[in-house]
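Since the structure comes first, as structure tokens, the remarks are kept for the end.
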Amino acid sequence: MMIDTHAHLYDERLAPDVQEIADNMSTDDISQIIIIGCDRQSSESALALAEKFKDFYCSVGVHPHDAVHAKQDDYQYFESVANNNKLVAIGEIGLDYHYNFSPQAIQRRVLEQQIELAASLKLPIIIHLREAYDDMKAILFQNQHYLRHGLVLHCYSGSIEFARECLKLDSVYFSFGGSITFKNTDRESVVKSLPLDRLLLETDCPYMTPVPYRGKTNYPKYIKLVAQKLSEWLPNIDISELTSNNAHALFKRLNQNNNQVL
Ligand SMILES: [Zn+2]
Ligand SMILES: [Zn+2]
């Protein structure tokens with residue numbers, strides 16, 4: 001069984017199908033799904049879905065696109081729900097200098113505030129990173145003491161060298177989604193360079209739809225196409241088992257709830 005560590009199931013393209021997605025999880029070979037918040041409203045939606053469905057979990061946080069709208073009140077809300085067993089991480093937070101929907105200085109400030117918040121709540125972090133590698137590296141190393149609960153670079157599109165630098169930090173994971181199935185991707189050499197115990201699977205649905213459904217809405221069930229691609233690159237490895245164990249090592253509350261159920 002696989003774990004989709006990054007899904008936006010509250011998105012209007014997926015919301016009508018949420019019940020069906022939950023009902024079909026075992027058929028789709030998915031054991032757990034983590035629904036990722038991007039701002040106050042989507043974080044509330046992610047938590048509501050996680051509370052409603054047994055195998056759904058969530059994260060809360062402010063995405064770099066929305067950093068300009070982040071308020072102290074949002075952080076207080078995240079803090080107020082942090083003890084919920086279905087909340088496994090702070091995220092997605094990060095830097096996105098491709099779109100620059102928020103000014104870069106504000107993105108950096110909001111990222112650092114949330115890194116500090118995650119540390120105070122003893123939660124891991126889910127990082128979104130695009131075209132901001134130098135600033136991300138500087139922020140991660142300056143805040144190293146806040147990162148003891150681990151982090152994942154989601155939909156990792158950076159270099160082997162950047163990954164190697166990040167591995168000097170405690171418990172850094174790299175998550176891969178539909179984009180590794182695209183033509184002309186350079187992900188194979190990156191994936192092969194990483195320690196096996198740091199690989200995670202995700203869909204980032206409804207975005208990042210893998211081949212052959214590219215251009216259409218993405219769903220958690222397509223995670224098997226991502227796993228298949230990893231299996232091609234890493235033969236003789238049980239990708240489902242490996243990445244699920246890794247997800248449990250990073251997102252500790254996935255285990256906690258697992259043991260309670262059944
Ligand atoms: Zn992202
Ligand atoms: Zn996302």
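Yes or no, residue by residue, for (1) within 16 Å of residue 1 (Cα to Cα); (2) modelled with pLDDT under 95; (3) open to solvent by 50 Å² or more (accessible area, probe 1.4 Å):
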| site | (1), (2), (3) |
| --- | --- |
| 156 | no, no, no |
| 171 | no, yes, no |
| 191 | no, no, no |
| 247 | yes, no, no |
- Message: List the residue pairs whose Cβ atoms are under 6 Å apart, where the first residue sits in the range 181-207 and is within 14 Å of residue 157 (Cβ to Cβ), the second is part of a helix (DSSP H, G or I) and within 16 Å of ligand 2 (Cβ to nearest atom), and the two are 6 or more positions apart or on different chains.
- Response: 187/180
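Being part of a helix (DSSP H, G or I) and touching a helix residue (DSSP H, G or I) at 6+ places or on another chain (Cβ under 7 Å) is the filter; apply it to the range 49-65 and report the residue that is nearest to ligand 2 (Cβ to nearest atom).
Filtering the range 49-65 down to residues part of a helix (DSSP H, G or I) leaves 49-52, 64-65.
Imposing the further condition that a residue be touching a helix residue (DSSP H, G or I) at 6+ places or on another chain (Cβ under 7 Å) reduces the set to 49, 64.
Working: 49: 15, 64: 11 Å.
That would be 64.
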- Message: Checking the conditions here, which among 241, 161 is part of a helix (DSSP H, G or I), over 30 Å from residue 135 (Cβ atoms) and away from ligand 2 (no atom under 15 Å from the Cβ)?
- Response: 241
- When the range 137-154 is checked residue by residue, the ones that are in contact with a strand residue (DSSP E or B) (Cβ under 6 Å, 6 or more places away or on another chain) and either more than 13 Å from ligand 1 (Cβ to nearest atom) or open to solvent by 70 Å² or more (accessible area, probe 1.4 Å) (or both) are 151
- Message: Take the conditions in a loop (DSSP other than H, G, I, E, B) and open to solvent by 10 Å² or more (accessible area, probe 1.4 Å) and apply them to residue 28. Does it pass?
- Response: yes
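Could you pull out the residue among 238, 186, 197 that is under 20 Å from the mean Cα position of the chain (by Cα), open to solvent by 20 Å² or more (accessible area, probe 1.4 Å) and over 27 Å from residue 20 (Cβ atoms)?
Residue meeting the stated conditions: 197.
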- What are the residue pairs meeting all of these: first residue in the range 128-144, first residue at positive phi, second residue of a type in the set (A, V, I, L, M) and not in a helix (DSSP H, G or I), Cβ atoms under 9 Å, and 6 or more apart or on different chains? 131/95
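Residue under question is residue 42, and the condition is that it be in a helix (DSSP H, G or I), within 13 Å of ligand 2 (Cβ to nearest atom), within 19 Å of the chain's Cα centre (by Cα) and among the small types (Gly, Ala, Ser); does it hold? Break it down into steps so the answer makes sense when it comes.
On the way: in a helix (DSSP H, G or I): yes; within 13 Å of ligand 2 (Cβ to nearest atom): yes; within 19 Å of the chain's Cα centre (by Cα): yes; among the small types (Gly, Ala, Ser): yes.
Considered against the rule, which asks whether it is in a helix (DSSP H, G or I), within 13 Å of ligand 2 (Cβ to nearest atom), within 19 Å of the chain's Cα centre (by Cα) and among the small types (Gly, Ala, Ser), residue 42 comes out as yes.
The values are calculated or read from the model by the stated rules, or taken from the named source; none is laboratory data. For clarity, every value in this text was computed on a predicted model and none was experimentally measured. Every residue, glycine among them, receives a Cβ derived from its backbone with ideal geometry; neighbour counts consider all protein chains shown. Each accessible area value is taken on the protein alone, full model and side chains, heavy atoms only, with ligands, DNA and RNA left out. Shrake-Rupley method; radii C 1.70, N 1.55, O 1.52, S 1.80 Å.
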